[in-house]
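Scroll down for the structure; my scribbles are underneath it.
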Amino acid sequence: MGIGTLRDQPADEAAGRRREQRAWYVYDWACSVYSTSVLTVFLGPYLTSVAEEAADADGFVHPLGIPVRAGSFFAYSVSLSLIVAVLLMPLVGSLADRTGRTKRLLGVAAYVGAGATAGMFFLDGDRYLLGGLLLVTANAAQAVAMMLYNSYLPQIATPEERDAVSSRGWALGYAAGALVLVADLVLYLRHADFGLSESAAVRICLASAGLWWGAFAVIPLRRLRDRRLPSAEGGARAAGGLRQLAATVRHMRRHPLTLAFLLAYLVYNDGIQTVITQASVYGSEELGLGQSTLIVAVLMVQVLAVAGALALGRLADRYGAKRTILGSLIAWTATLAAGYFLPAGQPGWFFALAAAIGLVLGGSQALSRSLFSHLVPPGKEAEYFSAYELSDRGVSWLGPLLFGLTYQLTGSYRDAIISLVAFFVLGFVLLARVPVRRAIADAGNPVPKRI
């Protein structure tokens, strides 16, 4: 019996991992709808219209007595949510390590985010402050939940499985985003047939994303398991959090070329993230495009991002990752320049812009991650990628802030969108200056034939 048990144990462990992996996939299916339907498509234009309803004769709202252009309110709210997320992530991460209750903390973050998103149903009239509060809460909770969700990957997948497991999670998330967007498009276009006003249809689309998030989050929260750390290790990690992040940064200073690449990535990725979150506002407010046009454009981006990632991956095989990323930054700059001159009221040109964004979106981010992996010293993978993710969140408020400030100073969304070129130009210059072959060697890794 003892021999049989030993023989069955590896199979039992593999079956248990697969069960947890399937549950883990479902969380991406649950939460990706928030990113796609709420943050990318509906909330920006709708919250802006609510703020404009509350604005004074000069077009300003006054949260806490501070004069803010109504058109900048959404961008500022996104920036604030990311600042809150950066303050929370190391504290929650340290608590998860210390207590071993990652699943419980994931559940709290997920349902705070889902609840805030569902609460957007009540965002009507001139309740722009409610909208800002719900956005900050939902977006910060989503960032914290994703950090905890990602931390499960090393626990539920062997090193050989992780690429495939991670990819399946992303694929399921994209599928959910596209599926719900199609349903949203039907509801929005035919809102009169359902006896709904346009505002009510948008609010239902917003709230349904929260209900979807909360409903499907039940599955991973039931099936994922916590792994309690030994008390000594937990005690050591309890002293971590912000201090652990500081220790990682100190270690990174021994590899200045790795830090140089990270700085370049953080700059141009901030531009990428801002384009994603603000493009719908630009399309609705500056180009006068309807919500249905914006939804179709986002669907195009979702599909073409996959094709673009594969295409840029093939280019990287031929020309190297660094050159391909630099080429993608040139493409981003050209795309924004073209966006500045887009004629209003002509959706065909906006679809062309969406196609260009989709083709460079997936590839530039995927290749950046793979290139960074070559610059991480052996044995420091998790630590460096933890700082990578936290630092990414830490500066991703600068783009929305610049977008909002530019609009506030100029009153022009065209000026706001073209201001983001600065991130891609500066990122290009910083990346071009990084000698990646020497950086890889200095990190103690073998230098690929083509990089």
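Computed over the stretch 1-132, the Cα gyration tensor eigenvalues convert (square root of 5λ each) into semi-axes of 45, 16, 10 Å, ordered from largest to smallest. Neighbours of MET120 by Cβ distance under 13 Å: Lys/Arg scored +1, Asp/Glu scored -1, total +1. Relative contact order, whole percent, for the stretch 16-114 stands at 14, derived from Cα pairs under 8 Å and 6 or more residues apart. Between the residues ALA54, VAL68, VAL26, the greatest Cα displacement towards the positive end of the dipole of the stretch 18-74, with unit charges on the Cβ of Lys, Arg, Asp and Glu, is found for VAL26.
Working note: Karplus 6.51/-1.76/1.60 with θ = phi - 60° gives the stretch 260-273 the couplings 5, 5, 4, 4, 4, 4, 4, 5, 6, 5, 4, x, 4, 5 Hz, where Gly and Pro are set to x. Ordered by 1.4 Å accessible area with all protein chains kept, LEU187, LEU64 run largest first as LEU64, LEU187.
Of all the accessible heavy-atom surface of the stretch 4-143, with the other protein chains kept in place and a 1.4 Å probe, what percent is carbon and sulfur? Taking all protein chains in place, the stretch 4-143 shows 62 percent carbon and sulfur surface. Principal axis extents of the Cα atoms in the stretch 165-211, from largest to smallest and rounded to whole angstrom, are 43, 17, 11. Shown in residue order for the stretch 344-360 are the 3J(HN,Hα) couplings computed by the Karplus curve 6.51 cos²θ - 1.76 cosθ + 1.60 at θ = phi - 60°: 6, x, 10, x, x, 5, 5, 5, 5, 5, 4, 5, 5, 5, x, 5, 9 Hz (x for Gly and Pro).
The values are calculated or read from the model by the stated rules, or taken from the named source; none is laboratory data. Here the structure is a predicted model, which is why all the values come from computation and not from measurement. All Cβ positions, even for glycine, are placed from backbone atoms using ideal geometry, and neighbour counts span all protein chains on display. Areas reflect the complete protein model, heavy atoms only, side chains present, ligands, DNA and RNA absent. Shrake-Rupley method; radii C 1.70, N 1.55, O 1.52, S 1.80 Å.
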